[in-house]
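Here the structure comes first, spelled out in structure tokens, and everything after it is commentary.
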Amino acid sequence: MTVRVGIPRALFFYLYYPLWQAFFEALGAECVVSAPTHRGILEVGATRATGENCLPLKLYLGHVRALLGRVDYLFTPLIRTLAYEEENCARLRGLPDLVRALIPEAPPILAPEIDVEGGTWKLTSAVLDLGLHFTRNPLRIRKAVEQAQVAHRTYETMLQRGIPLPEALSLLSAGKFGPFEDTIEWSGKTGGSDNSNRATFADSDDLEEPLRIALVGHAYNLYDEYVNHRLIARLQALGVALFTSAAVSEETARESIAKLDFKHYWTFEHELVGAAAYYLGQEQVDGMIVVVSFACGTDAVMLETLQELSSRFNVPLLNLVLDEHSGEAGLVTRIEAFVDVLARRKTLGVRHTAVSGTA
């Protein structure tokens, strides 16, 4: 009987699902992913969460509940560090324990500890222990790791070459791309509606070319359409060209951060600060929209840096804070007003200019 591994469609899912899927399927397991977020998932998660839990954690708990009764294991990795001299959010570091405490009826949890600072041996041991749940053959586990690494590189290449994140996930999950990531080409006509990673120029009656907006945020905020009220589709309907943080490689984002006069601290800082620094440094955007979650402490800290960056480069910034409210009128009004301001600003010939200073 095939072992079923449950993977919540939240948090790290948007970054690492192709890697996880390749690893588990190479070991003969079946990956079961929770459905896209809907009102019921959020409501259930909120009832299980404590008062200080942020919106992404409430969503995660809701997605865990949606998997109960359908899987043999729940995969909830404990990600401490992904690089030296940086820290992950304390709540994410305790995610497996949080799930065990708040959803005691959850199936056995697979929680490998990912800690780069612990050294290669600690990381290797964590992956080996995870694989031993499915096979006693270490060579088979090693082969599964290799296949997972190829899948992850392929996924990253697809994003950097302009394939929208939801489309890339769908194609890889269906096995539409092989392991030869260097041969990937995309015409933009695969049937998806989200071309947010690539600048797709639309016609405009008022401007010679469309507005260019950097859309910066964690992937779980940018691509959960229920929580963000179809933000990407709404922006595209306004005729803007979007540049998302998903299209900036981690290496490029980290290099962009290194050029700034402040210390990189948070594990996923490259998704916000790194991507913003890259787009602003390339002088290719007219404005920037930053999407963060309500009650997220790390996002609040990074937002200050982003505001200073936008001032340095003379680029307007709109901050959108996602919460549990289902009303979308306020969000729609704000993005429409922001786009209107950018259009007027561009019509008047206000230029994107870097200003010296410390971020």
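The values are calculated or read from the model by the stated rules, or taken from the named source; none is laboratory data. Every value quoted in this text rests on a predicted model; they were computed, and no experiment measured them. Note that we place each Cβ from the backbone using ideal geometry, even for glycine, and neighbour counts take in every protein chain shown.
For this structure, a couple of remarks:
- Selected residue (criterion: surrounded by the fewest Cβ atoms within 10 Å (Cβ to Cβ)) from residues of the range 277-333 that are small (Gly, Ala, Ser) and touching a helix residue (DSSP H, G or I) at 6+ places or on another chain (Cβ under 8 Å): 326
- Screening the range 114-133 for residues that are surrounded by 15 or more Cβ atoms within 10 Å (Cβ to Cβ) and touching a Ser or Thr at 6+ places or on another chain (Cβ under 9 Å) and picking the one that is modelled with the highest pLDDT gives 114.
- Residue within the range 265-281 that is of a type in the set (Phe, Trp, Tyr) and under 14 Å from the mean Cα position of the chain (by Cα) present: yes
- Any chance residue 60 is over 22 Å from the mean Cα position of the chain (by Cα), hydroxyl-bearing (Ser, Thr, Tyr) and surrounded by 13 or more Cβ atoms within 10 Å (Cβ to Cβ): no
- Condition check for residue 257: touching a residue at least 24 places away in the same chain (Cβ under 8 Å) and either over 13 Å from the mean Cα position of the chain (by Cα) or surrounded by 21 or more Cβ atoms within 10 Å (Cβ to Cβ) (or both): no
- Given (1) assigned to a helix (DSSP H, G or I); (2) out of contact with any helix residue (DSSP H, G or I) (no Cβ under 9 Å at 6 or more places or on another chain), index of the condition residue 261 fails: (1)
- Qualifying residue in the range 167-178 (condition: over 19 Å from the mean Cα position of the chain (by Cα) and at positive phi): yes
- Any strands (runs of 3 or more DSSP E) falling wholly within the range 73-138 and containing at least 3 residues that are closer than 19 Å to residue 23 by Cα: 73-75, 113-115
- Of everything listed in (1) within 17 Å of residue 173 (Cβ to Cβ); (2) surrounded by fewer than 16 Cβ atoms within 10 Å (Cβ to Cβ); (3) free of Cβ contacts under 8 Å to residues at least 40 places away in the same chain, the single unmet condition for residue 84 is (1).
Here's the yes/no breakdown for (1) of a type outside the set (Phe, Trp, Tyr); (2) out of contact with any Phe, Trp or Tyr (no Cβ under 9 Å at 6 or more places or on another chain); (3) not assigned by TED's automatic domain parsing to the domain that holds residue 24:
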residue: 91; (1), (2), (3): yes, yes, no
residue: 98; (1), (2), (3): yes, no, no
residue: 102; (1), (2), (3): yes, yes, no
residue: 108; (1), (2), (3): yes, no, no
residue: 119; (1), (2), (3): yes, yes, no
residue: 128; (1), (2), (3): yes, yes, no
residue: 134; (1), (2), (3): no, no, no
residue: 142; (1), (2), (3): yes, yes, no
residue: 146; (1), (2), (3): yes, yes, no
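- Pair list, Cβ under 7 Å, 6 or more apart: the range 298-321 residue assigned by TED's automatic domain parsing to the domain that holds residue 87 and over 23 Å from residue 231 (Cα atoms), other residue loosely packed, with under 15 Cβ neighbours inside 10 Å and of a type in the set (Asp, Glu): none
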